[in-house]
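Data first, discussion second: the structure below is written as structure tokens.
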Amino acid sequence: MKSPNRPVENKTEAVPHPTRWTVPLGLLAIAFALYEIYRPALGGPFLFDDLYLPFMIPNFAESPLRYWVTGVRPTLQVTYWLNYRMFGLDPYYFHLVNLVLHAAAGYFVWLVACKLLEFVKLGLPVRNIYAAFAAGVFLLHPLQSESVGYVASRSEVLSGLFFLIAWVAFLYRRDAAIRFSEVALILVFFVFAVTSKEHTAVLPAVLLLTDYFFNPGFTFEGIRKNWRIYAPIIAGAVLGVAVIFKVVLSRSSSAGFGMKDLTPLDYLFTQFRSIVTYLRLFVLPAGQNIDYDFPLSRSLDEHLSWLCLFILLALTAAAWIYRKKFPLASFGFFLFLILLAPTSSVVPIRDVLVERRMYLPVFALSLCVIDFLRNRRIAVPALAASLGVVCVVLGFLVWQRNHVWANPVSLWNDSVANSPQKYRPRFQLAYAHYQAGQCLDATKQYAEAAKLSPQPVYDLFVDWALAADCANKPGEALSRLEDALRLEQSAHAWSLMGMVRAKQGDYDRALEALAAGEKLDPRFTMIYVYRGNVHMARQDWDAAVVEYEKALAVEPKDDAARQGLEKATAARNRATAAAAK
């Protein structure tokens, strides 16, 4: 018989202490595995919206930092500025910084998960396993591939990192009632998050949710105690939303309430389907796509929007009803909805379904998985092994997805396969073929894109003409430039017309086309470069020098003009020397 005075050993909390090198070696192994998994995407080039980022603008890239931080996302721009200053335009290092930021975010996800699992009183060994699983899902889910492989998605990673740091500062405060010093720290990182991307303005809602669920649990007591944080942070969030509405949502052509063909109700009905699709992609990440062909629902009757609304309402009701039995799952589902609210509610955004919007919500849904598992009797070794296998499978899937991101042709081929009737993926595939020097393939894809476009597009015809010229099809190139000029009279199209005619030896008509372009825009540099080339072909060295000098007067760093001037000057000097003999 046991003595009543004998202490009972707590086997649940008994864990072996790690050796001195266990943690560093473990972190090193994780870093190496993460690098190898994402390495295929690190070598990929800039693509899609990457090409419109500040460091790709020749006259702007060398500007002082103060010019970079004048927009609505100054913290994000600082990271781009540092990337450009340290490594130039090498896309590898832009992707590598994305990965480093993603890894850092994974660490803070682990900290958040540890604290939330502590709130539900899980024992230490199991708590560590589940926290590691939450971090693993966050780091390795295939939906995260876009945030690392797409430089323009750094806004998601960076804002998510600062969001998580602010949340960690809130969770690991000393007392239940927050102190002013802790408030200041949270506000600093909240500002960093919002100035990296605006959707993180929902942080106050996440903190309120956290206090309601876990401080001390399903009461408003914790919220009342933490008035010090809610007063300034909610005021700041409201001010931020007002600024975003004024600066972005009222002026943008791709987001906001100014789009006549996409109303808030249309967007809301469509988002019911989008949110259900995000849930499906979390569970089964098949059919991923950089550019989904996701039709709008202009009523609840279209595309089963009503059914998706019913599913969401049912899940919401279940999360509320069973919030005390499954607190983590309930919290995770409401967190999922809050994190998606800025992009999946009534504020219209042209792209109605985008994988990068799941960057933080992936963690929210992992909490739902953990809560259902923790109520099952699973031995600790079996639990660790099974969750480890899940992470390995996810790692393999994201590694496969990263291979798609490694090459623009493979990426857009994948998108065309999944969205065969959408114009933009086909257009981007054509451009990718052109960039890769596969000009004949590019012309074929531009022809397919033209069939999918609801109306003629100037940019399509201009790019098609360049591909046709590259494929040695001057007749097709000229026809496409004529199509472009019927839509828009531009110096660019006329200069290309002059370039193609000059290659055919039709110098007089080439000069006529260049003159027409000069009338439209006398500061378009390539007019003078192409005209200089015509004079070089005619061996009129003096006239060529004059044209190249005009080009450099407009754009002193233009390489084509500089090289042309060097060749024309050398040819003129040789001709002068020969004449002197």
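The values are calculated or read from the model by the stated rules, or taken from the named source; none is laboratory data. Note that the coordinates shown come from a computational prediction; the quantities given were computed from them, not determined experimentally. Here Cβ is always computed from backbone atoms with ideal geometry, including for glycine, and neighbour counts include all displayed protein chains. These area figures cover heavy atoms from the full protein model, side chains too; ligands, DNA and RNA do not enter into them. Shrake-Rupley method; radii C 1.70, N 1.55, O 1.52, S 1.80 Å.
For the stretch 525-532, the condition holds for at least one residue, the condition being that it is farther than 30 Å from Asn418 by Cβ and among the polar types (S, T, N, Q). Within the stretch 491-511, residues that are on the phi < 0 side of the Ramachandran plot and β-branched (Val, Ile, Thr) have Cβ atoms under 8 Å from residues that are part of a helix (DSSP H, G or I) and open to solvent by 10 Å² or more (accessible area, probe 1.4 Å) in these pairs: Val500/Asp469; Val500/Pro474; Val500/Leu478, counting only partners at least 6 apart in sequence or on another chain.
State yes or no: is Leu397 open to solvent by 30 Å² or more (accessible area, probe 1.4 Å), under 30 Å from His95 (Cα atoms) and either outside any helix (DSSP H, G or I) or in contact (Cβ under 8 Å) with a residue 12 or more places away in the chain (or both)?
On the way: open to solvent by 30 Å² or more (accessible area, probe 1.4 Å): yes; under 30 Å from His95 (Cα atoms): yes; either outside any helix (DSSP H, G or I) or in contact (Cβ under 8 Å) with a residue 12 or more places away in the chain (or both): yes.
Spelling it out, Leu397 is indeed open to solvent by 30 Å² or more (accessible area, probe 1.4 Å), under 30 Å from His95 (Cα atoms) and either outside any helix (DSSP H, G or I) or in contact (Cβ under 8 Å) with a residue 12 or more places away in the chain (or both).
Yes or no, residue by residue, for (1) among the basic types (Lys, Arg); (2) under 21 Å from Gln435 (Cβ atoms); (3) crowded, with 18+ Cβ neighbours inside 10 Å; (4) more than 36 Å from the chain's Cα centre (by Cα):
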{"site": "Tyr458", "(1), (2), (3), (4)": "no, yes, no, no"}
{"site": "Trp464", "(1), (2), (3), (4)": "no, yes, yes, no"}
{"site": "Phe524", "(1), (2), (3), (4)": "no, no, yes, no"}
{"site": "Ala561", "(1), (2), (3), (4)": "no, no, yes, no"}
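Selection of the stretch 310-323 for residues being more than 15 Å from Ile370 (Cα to Cα) and either basic (Lys, Arg) or touching a strand residue (DSSP E or B) at 6+ places or on another chain (Cβ under 6 Å) (or both) yields an empty set.
Considering every residue within the stretch 180-190, establish whether at least one is in a loop (DSSP other than H, G, I, E, B), within 19 Å of Ala341 (Cα to Cα) and in contact with a Ser or Thr (Cβ under 9 Å, 6 or more places away or on another chain). If you could, list the steps in order and put the result at the bottom.
So the first thing to find is which residues in the stretch 180-190 are in a loop (DSSP other than H, G, I, E, B), and the list is none.
No, the stretch 180-190 contains no residue that is in a loop (DSSP other than H, G, I, E, B), within 19 Å of Ala341 (Cα to Cα) and in contact with a Ser or Thr (Cβ under 9 Å, 6 or more places away or on another chain).
Here the stretch 210-265 is the region considered, the condition is being among the charged types (D, E, K, R) and assigned to a loop (DSSP other than H, G, I, E, B), and the residue that is modelled with the highest pLDDT is Asp261. Of all residues in the stretch 530-559, which are open to solvent by 60 Å² or more (accessible area, probe 1.4 Å) and of a type in the set (Lys, Arg)? Arg538, Lys550, Lys557 - these are the residues of the stretch 530-559 that are open to solvent by 60 Å² or more (accessible area, probe 1.4 Å) and of a type in the set (Lys, Arg). With respect to the conditions (1) within 21 Å of Val202 (Cα to Cα); (2) at pLDDT below 95; (3) open to solvent by 50 Å² or more (accessible area, probe 1.4 Å), Trp320 lacks only one, and its number is (2). For the stretch 354-362, the criterion of being closer than 16 Å to Glu146 by Cα and of a type in the set (Lys, Arg) is satisfied by at least one residue. How many residues does the stretch 367-386 contain that are more than 28 Å from the chain's Cα centre (by Cα) and part of a helix (DSSP H, G or I)? Qualifying residue count, the stretch 367-386: 11. Where helices (runs of 4 or more DSSP H) fall wholly inside the stretch 1-107, the ranges with 2 or more residues that are modelled with pLDDT of 85 or more and surrounded by fewer than 17 Cβ atoms within 10 Å (Cβ to Cβ) are 22-42, 65-68, 74-87.
Can you spot a residue in the stretch 551-560 that is farther than 25 Å from Ser490 by Cβ and free of Cβ contacts under 8 Å to residues at least 40 places away in the same chain? Spell out how you get there, then give the answer.
The initial filter retains those residues of the stretch 551-560 that are farther than 25 Å from Ser490 by Cβ, namely none.
For the stretch 551-560, residues farther than 25 Å from Ser490 by Cβ and free of Cβ contacts under 8 Å to residues at least 40 places away in the same chain: absent.
Scanning the stretch 274-289 for residues that are touching a residue at least 40 places away in the same chain (Cβ under 8 Å) and farther than 18 Å from Ser415 by Cα turns up Ile275, Leu279, Phe282.
Here Phe180 clears all of (1) open to solvent by less than 30 Å² (accessible area, probe 1.4 Å); (2) farther than 17 Å from Arg73 by Cα except the condition numbered (1).
Among the residues of the stretch 563-581, how many are surrounded by fewer than 13 Cβ atoms within 10 Å (Cβ to Cβ) and in a helix (DSSP H, G or I)? Walk me through it before giving the result.
Looking only at the stretch 563-581, we keep the residues that are surrounded by fewer than 13 Cβ atoms within 10 Å (Cβ to Cβ), and these are 563, 566, 570, 573-574, 576-581.
The next check asks that each one be in a helix (DSSP H, G or I); those that pass are 563, 566, 570, 573-574, 576-580.
Residues in the stretch 563-581 being surrounded by fewer than 13 Cβ atoms within 10 Å (Cβ to Cβ) and in a helix (DSSP H, G or I): 10 in total.
For Gln539, the criteria (1) outside any helix (DSSP H, G or I); (2) within 30 Å of Asp293 (Cβ to Cβ) hold in every case but one, which is (2).
So is Ala491 closer than 23 Å to Pro522 by Cα, surrounded by 19 or more Cβ atoms within 10 Å (Cβ to Cβ), touching a helix residue (DSSP H, G or I) at 6+ places or on another chain (Cβ under 6 Å) and at pLDDT 95 or above or not? Considered against the rule, which asks whether it is closer than 23 Å to Pro522 by Cα, surrounded by 19 or more Cβ atoms within 10 Å (Cβ to Cβ), touching a helix residue (DSSP H, G or I) at 6+ places or on another chain (Cβ under 6 Å) and at pLDDT 95 or above, Ala491 comes out as yes. Among the conditions (1) at negative phi; (2) out of contact with any Phe, Trp or Tyr (no Cβ under 6 Å at 6 or more places or on another chain), the only one that His303 does not satisfy is (1).
Yes/no per residue for (1) assigned to a helix (DSSP H, G or I); (2) basic (Lys, Arg); (3) touching a His at 6+ places or on another chain (Cβ under 6 Å):
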site: Asp459; (1), (2), (3): yes, no, no
site: Asp463; (1), (2), (3): yes, no, no
site: Ala467; (1), (2), (3): yes, no, no
site: Leu481; (1), (2), (3): yes, no, no
site: Arg486; (1), (2), (3): yes, yes, no
site: Met499; (1), (2), (3): yes, no, no
site: Ala513; (1), (2), (3): yes, no, no
site: Arg523; (1), (2), (3): no, yes, no
site: Gly532; (1), (2), (3): yes, no, no
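Applying the set (1) assigned to a helix (DSSP H, G or I); (2) loosely packed, with under 14 Cβ neighbours inside 10 Å to Cys391 leaves exactly one unmet item: (2). Within the stretch 108-125, the set of residues being open to solvent by less than 20 Å² (accessible area, probe 1.4 Å) and among the aliphatic types (A, V, I, L, M) comprises Val109, Val112, Ala113, Leu116, Leu117. Looking only at the stretch 368-380, decide whether some residue is open to solvent by 20 Å² or more (accessible area, probe 1.4 Å), modelled with pLDDT of 95 or more and of a type in the set (A, V, I, L, M). Within the stretch 368-380, one or more residues are open to solvent by 20 Å² or more (accessible area, probe 1.4 Å), modelled with pLDDT of 95 or more and of a type in the set (A, V, I, L, M). Looking only at residues in the stretch 304-341 that are part of a helix (DSSP H, G or I) and of a type in the set (Phe, Trp, Tyr), which one is farthest from Ala113 (Cα to Cα)? The residue in question is Trp306. The single condition among (1) under 22 Å from Leu139 (Cα atoms); (2) under 21 Å from the mean Cα position of the chain (by Cα); (3) open to solvent by less than 50 Å² (accessible area, probe 1.4 Å); (4) at pLDDT 95 or above that Ala406 does not meet is (4).
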